[in-house]
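Everything below concerns the one structure shown next.
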Amino acid sequence: MQSLFNKIIKTSLYLLVFLMPLFWLPFSFETFEFNKQYLLFFLVLIALFVWLGKMVLVDQEVRFKRTPLDLFVLGFLFLAVLSAVFSVNKGSSVFGFYGRFSDGLIGLLGLGALYFLITNNVKEINGMLKTFLWSTFFVILISYFSIFGLWEKINSLLPLPALMRQNTFNLVSGSMEGLAVFLAVIVIFLTGKILIQKTFSHWILLLASLGLLIIIDFSAAWWVLLASLVLFLALALWKRLFKENVNRLLLPIFLIVVAGLFLSINTANLLTLNLPQEQVLGQVISWQTGFKSATDNVKSGFLGSGIGTFHYDFAKEKPVDFNQNRL
């Protein structure tokens with residue numbers, strides 16, 4: 001009985017890790033985030049009920065493994081619940097803002113439950129990380145197919161959904177900019193893996209991810225990569241993590257140089273792929289909106305206007321001259 005419960009929990013978690021970056025449905029109004037949220041909700045719910053059933057029926061005791069992050073995660077989730085309760089738009093705070101769905105309380109609670117499921121039921125994390133990297137491989141492969149028009153050629157032999165035939169189609173996000181941020185995190189993760197244990201597959205994924213980052217050329221993704229690796233390099237030198245082989249630090253140094261270089265070069269002018277660019281709100285206006293909203297009153301200072309209510313804050317706090325630009 002115990003092995004059955006463990007198998008169901010493990011299968012649910014591994015399916016979630018593998019499918020989350022890949023999951024989409026072409027026949028729903030919003031094809032990506034809405035469906036990923038439901039996948040997260042249902043698989044976490046299955047694993048959570050089985051875990052509780054295992055403790056009650058098999059272990060006959062509530063056993064909970066403590067980690068240093070438990071209180072921080074629980075505290076964050078508690079504040080999220082309070083923020084949703086006192087939100088100016090409870091619908092957006094619970095389910096996520098219409099058209100996005102990833103910034104609601106349901107998604108946050110699902111991720112919190114996923115954290116505790118992993119820390120209490122996964123003894124060997126390497127298998128889960130390998131599963132995630134396989135998922136990342138398919139994300140990258142399908143993205144290259146889209147950018148270079150291979151899905152359009154396949155469509156002449158096998159009819160595909162119209163969305164797949166767009167050169168911006170990728171399984172992570174509705175835009176290439178969202179994919180770029182995801183890949184920036186992947187490059188950071190792979191850098192750490194390569195520094196610990198060099199494998200050919202890690203190098204292939206790293207170079208393929210870097211190639212997509214150069215093609216998409218989204219400045220926010222380069223900033224994520226640059227800031228994270230600079231912080232890592234500073235900590236590595238401070239703690240002398242690689243004092244036995246300092247040459248290993250050449251990889252993060254090289255990537256820092258690459259990120260800084262492409263922050264100053266517009267590859268869209270050099271490449272002829274003509275990828276459409278998502279209109280992104282400027283960082284200055286975004287921070288100004290958040291700061292004004294947080295200082296609006298005492299309640300906002302602690303809980304904000306609610307989860308998933310940036311649209312409300314922006315409509316209230318945006319500068320007047322914003323109406324003069326193309327957005």
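The values are calculated or read from the model by the stated rules, or taken from the named source; none is laboratory data. Because the structure is predicted, anything quoted here is derived from the model rather than measured. So basically every Cβ, Gly included, is an ideal-geometry build from the backbone, and we count neighbours across all protein chains shown. Calculation scope for accessible area: heavy atoms of the full protein, side chains included, ligands and nucleic acids excluded. Shrake-Rupley method; radii C 1.70, N 1.55, O 1.52, S 1.80 Å.
Answer yes or no as to whether F29 is in contact with a Gly (Cβ under 7 Å, 6 or more places away or on another chain), part of a loop (DSSP other than H, G, I, E, B) and among the hydrophobic types (A, V, I, L, M, F, W, C). Answer is no for this residue.
Scan the stretch 101-108 and give yes if some residue there is aromatic (F, W, Y), within 17 Å of the chain's Cα centre (by Cα) and outside any helix (DSSP H, G or I), otherwise no. So far as the stretch 101-108 goes, yes, one or more of its residues are aromatic (F, W, Y), within 17 Å of the chain's Cα centre (by Cα) and outside any helix (DSSP H, G or I). Right, S201: modelled with pLDDT under 85 and either of a type in the set (V, I, T) or more than 25 Å from L281 (Cα to Cα) (or both) or not? No; evaluated as a whole, the condition is false for this residue.
Listed by first and then second residue, the pairs linking a residue in the stretch 78-105 that is on the phi > 0 side of the Ramachandran plot to a residue that is of a type outside the set (G, A, S) and open to solvent by 20 Å² or more (accessible area, probe 1.4 Å), with Cβ atoms under 6 Å apart and 6 or more places separating them unless they lie on different chains, are G96/D103; F101/E33; F101/F34; F101/Q37. Hey, any hits in the stretch 245-253 for a residue that's of a type outside the set (S, T, N, Q), in contact with an Asp or Glu (Cβ under 8 Å, 6 or more places away or on another chain), more than 17 Å from V139 (Cα to Cα) and open to solvent by 20 Å² or more (accessible area, probe 1.4 Å)? Checked against the condition, which is being of a type outside the set (S, T, N, Q), in contact with an Asp or Glu (Cβ under 8 Å, 6 or more places away or on another chain), more than 17 Å from V139 (Cα to Cα) and open to solvent by 20 Å² or more (accessible area, probe 1.4 Å), the stretch 245-253 yields no hits at all. The residues in the stretch 151-165 that are surrounded by fewer than 14 Cβ atoms within 10 Å (Cβ to Cβ) and either under 22 Å from the mean Cα position of the chain (by Cα) or in a helix (DSSP H, G or I) (or both) can be counted, and the count is 2. In summary, V73 fulfils each of the numbered conditions (1) within 20 Å of the chain's Cα centre (by Cα); (2) open to solvent by 50 Å² or more (accessible area, probe 1.4 Å); (3) under 16 Å from I118 (Cα atoms); (4) not hydroxyl-bearing (S, T, Y) with the single exception of condition (2). Applying a threshold of 9 Å to beta carbon distances and a minimum spacing of six or more residues, or different chains, the list of pairs starting in the stretch 253-264 at a residue that is touching a residue at least 12 places away in the same chain (Cβ under 8 Å) and in a helix (DSSP H, G or I) and ending at one that is aromatic (F, W, Y) and surrounded by 12 or more Cβ atoms within 10 Å (Cβ to Cβ) reads V258/W222; A259/W222; A259/W223; G260/W222; F262/W222; L263/W222; L263/W223. The numbered conditions (1) within 18 Å of L179 (Cα to Cα); (2) under 17 Å from the mean Cα position of the chain (by Cα); (3) loosely packed, with under 15 Cβ neighbours inside 10 Å are all true for F148 except (2).
The requirement of being of a type in the set (A, V, I, L, M, F, W, C) and closer than 23 Å to L190 by Cα is not satisfied by V81. Just a yes or no: is a residue in the stretch 95-113 within 18 Å of G304 (Cα to Cα) and out of contact with any helix residue (DSSP H, G or I) (no Cβ under 7 Å at 6 or more places or on another chain)? Yes, the stretch 95-113 has at least one match.
Out of curiosity, is W287 of a type in the set (A, V, I, L, M, F, W, C), assigned to a helix (DSSP H, G or I) and open to solvent by 80 Å² or more (accessible area, probe 1.4 Å)? Answer is yes for this residue. Please enumerate the residues belonging to the stretch 102-125 that are farther than 18 Å from L303 by Cα and among the charged types (D, E, K, R). Those that are farther than 18 Å from L303 by Cα and among the charged types (D, E, K, R): K123, E124.
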